[in-house]
Amino acid sequence: MDSEEYEFDFISDELSNATYEPVGELATPCDPSIWGLSGSALMITYIVVFVLSMLGNSLVVYVYVYVVCYMGKLRTSTDIYLMHLALADLLFCLTLPFWAVYVRSGWIFGNILCKLLTGLQEASIYVGVFLLACISVDRYFAIVKAAQFLSSRRHRVGLVCGVVWLVAGMLSLPVALRKEVMTEGHLMCSENLTGESNDKWRIGVRVMRHTLGFFLPLVVMVFCYGNTVGTLLHTRNMQKQKAMRVILVVVLAFVLCWLPHNITILIDTLMRGGSLGLESCDIQNRVDVVLHVTQLMAYTHCAVNPVLYAFISQKFRNQLLAALCKHGLISNRLLMAYTKGSVGSTGSLRSRSRNTSVTQ
């Protein structure tokens, strides 16, 4: 088998830690036909996303820490959630170099890393979507139910984030424990599943991912933000409207990145279970192509949020420049020139930063 044939076969078997082994009536795999995809292109894509995500999310975490430690500002509940979201994206992107090597050379990192990195990636995905749902609930109570919402909520945010990380870790364990290094012409980090009962287990895991890892949080977000936006449209509080603009764009980016992949996995699951009556190899191969493309779209999400903060949030840009100026990376004159139009001066930047959120 030459190198190009190996790349196509490998990509069809498993693009990353997510597995799409056939189940039900399609128990015998179709001959893979992944048009236009190569291991080299996928490897380069993973590396680019890794670099961008590392730089962007590291800056986000740095700005949050800087504001607390050097500017003496207490973070809002939304800011705390967004910092945890950046940490989850950082953990996710740390796995990408391993998957980049995987799509090119097979799994050469051993059984322990196979389980560990799979669990880390699964958990970080769950944490991200859970935190976005928590932010939507937080904004709903703060704006729509403001009269009943206690100002002490910030003290409970840490507990909520801890619970989110714990639940995400527990949900990732079943998949991580089933992962093993197997040899099928090349080394694979794949779920060790055989038999009809294990086919049902795999479908159950997919249903859990769909329900808890995307669609249920999405319903929560749609309900909360629908009511929140409706309330804001009847108010003239520009500060809250600016903060909501950033949050809504972050949620929209999540939906655009992950919705196509979740829908495609749902279709693939129904096909492999024989529920759609479309169990031909040609159709299955086409679905496989869409799966891989939408998975790449989903993986780029970990690099998207920092870009959104930089382009949409004036306050985030101001605080980032203030942090860079503090460490001598840019001049004070440049900082004053940039912030003059939005806050007047460096001094007013510091004073206003104590009363506004980084998401504005």
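The values are calculated or read from the model by the stated rules, or taken from the named source; none is laboratory data. The model shown is predicted, which means the values in this text are computed figures rather than measured ones. Cβ: placed from backbone, ideal geometry, glycine included. Neighbour counts: every protein chain shown.
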Give the residue that is modelled with the lowest pLDDT, with candidates limited to residues of the range 198-219 that are surrounded by 16 or more Cβ atoms within 10 Å (Cβ to Cβ) and of a type in the set (D, E, K, R).
-> D199
Test result for T269, of a type outside the set (K, R) and surrounded by fewer than 16 Cβ atoms within 10 Å (Cβ to Cβ) | no
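Taking the residues in the range 140-188 that are small (G, A, S) and either at pLDDT 90 or above or farther than 25 Å from H234 by Cα (or both) as candidates, determine which candidate is nearest to the chain's Cα centre (by Cα).
Initial filter on the range 140-188 (small (G, A, S)): 142, 146-147, 151-152, 158, 162, 168-169, 172, 176, 185.
Next, from what is left, pick out any that are either at pLDDT 90 or above or farther than 25 Å from H234 by Cα (or both): 152, 158, 162, 168-169, 172, 176, 185.
Working: S152: 29, G158: 20, G162: 18, A168: 13, G169: 15, S172: 15, A176: 18, G185: 32 Å.
Filtering the range 140-188 for residues that are small (G, A, S) and either at pLDDT 90 or above or farther than 25 Å from H234 by Cα (or both), the one nearest to the chain's Cα centre (by Cα) comes out as A168.
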For residues that are over 17 Å from T76 (Cβ atoms) and touching a residue at least 12 places away in the same chain (Cβ under 8 Å), scanning just the range 231-250, find the one that is farthest from the chain's Cα centre (by Cα).
-> T231
Would you list the helices (runs of 4 or more DSSP H) that sit entirely within the range 1-111 and hold 1 or more residues that are under 30 Å from V160 (Cα atoms) and at pLDDT 80 or above?
-> 39-69, 77-94, 96-105
Restricted to the range 330-340, and to residues that are part of a helix (DSSP H, G or I) and surrounded by fewer than 19 Cβ atoms within 10 Å (Cβ to Cβ), which residue is nearest to the chain's Cα centre (by Cα)?
-> Y338
